[in-house]
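Reading through the structure tokens given below for one structure.
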Amino acid sequence: MSRQILLLLLSPIAVQAFFRPIYSGGGGGHDCEETATSSPSESTPSESTPSQVTPKYSYTCPEEEARKHIITDLKENVGAVAIAGDRLKLCVTGGNRTALVENMKTPPCNDPKLEYTLPESAHTNAEFLWNNRPSRITISRRAAVQAFIRPIYYGGGGGHDCEETSQSTPTPTSESTPSEVTPKTSYSCPEGWNLTTRSPSQFNDNSGYLCTKFISSPNAISVNASSNLCTEQDAALTAFENEEEQEAKKHIITDLKHATGSVAIAGDRLKQCVTGNNPALLDENMKTPPCNDKKLEYTLPASANTNAEFLWNSWALNEPSHNMWQYESEDCLQMVIKPTDPNRNGKINDIYCLLNAAPNNPTDTSFMNYGAYCGKPVDIEATI
């Protein structure tokens, strides 16, 4: 189980937060100017009885000086300081986006004052801490950091934490009644990826989105090699799920800079339907389902994050053709890009998994893959 931590966000541009050692009564230990005054007793005490003097300390330090101390230590213009704090075990979700959204519906996991706890070793009363989180807290699947604490000077007055000029009394809240918070959920993709709209389903954790990207290849490439293009970017081969997504073929043509070509997509023939170069076995398979049913003989892996219903109704004319060559049969899939042929343009075709071109028609570029259609789950942000 991944451990959630709290960070103190630091920035010289806006007042974020600053840690300095607290003066504990002895020399040094803080970075503000110190003035000590005392009021001795009116009567001179005997030498055997030391005078009772109660020093009073006051501190002044400009906001710039307080900031400079942290920035100097960080040697960065912006940074963060780790502090104590752990998310409650029942609120930890790891990379489970569905669990995150579900947790944000009810307390304690949707309450900024309840979802974290301080260990005893912190020796800290957390009441002030939980009351000084920013009003907008973003929890992101991508970020290792799950929350930011930005302490604001409690007494107001000047925007720094050394000189106090006024105080305010916070409105008391009932600890027995957790605050009801309705999070706003948003979805995003890494730079360079498209936030593709789909129907909410189990294939996309009911988010209704998938991050997709066409990754091109300068030369014709096999489906298996195309899959590696996706893996290199922490993604997997996917396939289109609706007509709008299918129309992306016009965009891909521009990227391909070819009049015709294909794009490798996810999809594998069922193992019991694979024939190799065995015509007799193919003939036998074509007598009964699932191998004789174009909506059943192929399957999509879970990594495609795609509902295949639309895909299996998008075969090119007379496909799948079940061609064979030496020891191979057409057991993978591609999306054909051929604007001059409406019966094939944007449709799917079965193709050899290991070959860069169709050996039975080696000069037809419409059977050559010039890239891969890749997908990865979206990043979910629940904002309080």
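A few notes on this one:
- Cβ-based charge dipole, the stretch 263-384, positive-most Cα from Pro289, Gly346, Asn278: Gly346
- Portion, in percent, of the accessible area of the stretch 252-384 that falls on carbon or sulfur, probe 1.4 Å: 53 percent
- Checking every one of the GluC sites (Glu not before Pro) in the stretch 256-335 against DSSP loop status and a limit of 13 other Cβ atoms within 10 Å picks out Glu309.
- Between Asn277 and Glu328, the built amide H atoms are under 5 Å apart, and every one of these is 5 or more places off in sequence or on another chain.
- Couplings for the stretch 269-275, taken from phi via the Karplus curve 6.51 cos²θ - 1.76 cosθ + 1.60 with θ = phi - 60°, read 5, 4, 4, 6, 9, 6, 10 Hz in order; Gly and Pro are left as x.
- Separation in nanometres of the label points that stand 7 Å from Cα toward Cβ, at Ala280 and Asn292: 1.9 nm
- Dipole magnitude for the stretch 193-274: about 260 debye, using +1 per Lys or Arg Cβ and -1 per Asp or Glu Cβ, origin at the Cα centre.
- Summed residue charge, Cβ within 10 Å of Gln233's Cβ, Lys/Arg positive, Asp/Glu negative: 0
- Per-residue Karplus couplings for the stretch 317-331, computed as 6.51 cos²θ - 1.76 cosθ + 1.60 with θ equal to phi - 60°, are listed in order as 4, 6, 10, x, 9, 6, 5, 10, 7, 6, 9, 10, 10, 7, 10 Hz, Gly and Pro entered as x.
- Phi angles across the stretch 100-108 convert, under the Karplus curve 6.51 cos²θ - 1.76 cosθ + 1.60 with θ = phi - 60°, into 3J(HN,Hα) values of 4, 4, 5, 4, 6, 8, 9, x, x Hz, Gly and Pro given as x.
- Cross-link table Lys271/Lys338; Lys295/Lys338; Lys257/Lys294; Lys105/Lys213; Lys213/Lys271, entries beyond 25 Å C-alpha to C-alpha: Lys271/Lys338; Lys257/Lys294; Lys105/Lys213; Lys213/Lys271
- A DSSP coil position with no more than 16 other Cβ atoms inside 10 Å describes the following GluC sites (Glu not before Pro) in the stretch 189-253: Glu191, Glu232, Glu247.
- For Cys353, residues with placed amide H under 5 Å, excluding near neighbours: Asp331, Cys332
- Scanning residues 5 or more positions from Gly208 or on other chains, those with amide H under 5 Å from its amide H are Ser201, with H placed 1.01 Å from N in the peptide plane.
- The mean accessible area for residues of the stretch 195-317, using a 1.4 Å probe and ignoring ligands and nucleic acids, is 50 Å² per residue.
- The residues of the stretch 322-384 have, on average, 37 Å² of accessible surface per residue, using a 1.4 Å probe with all protein chains present.
- Net +/- balance of residues flanking Ile215 in space, Cβ distance below 13 Å, scoring K and R +1, D and E -1: -1
The values are calculated or read from the model by the stated rules, or taken from the named source; none is laboratory data. No experiment lies behind these values; they were computed from the predicted model shown. Don't worry about glycine lacking a Cβ; one is built from the backbone with ideal geometry, like all the others, and counts go over all protein chains shown. What goes into the accessible areas is simple: the full protein's heavy atoms, side chains included, and nothing from ligands, DNA or RNA. Shrake-Rupley method; radii C 1.70, N 1.55, O 1.52, S 1.80 Å.
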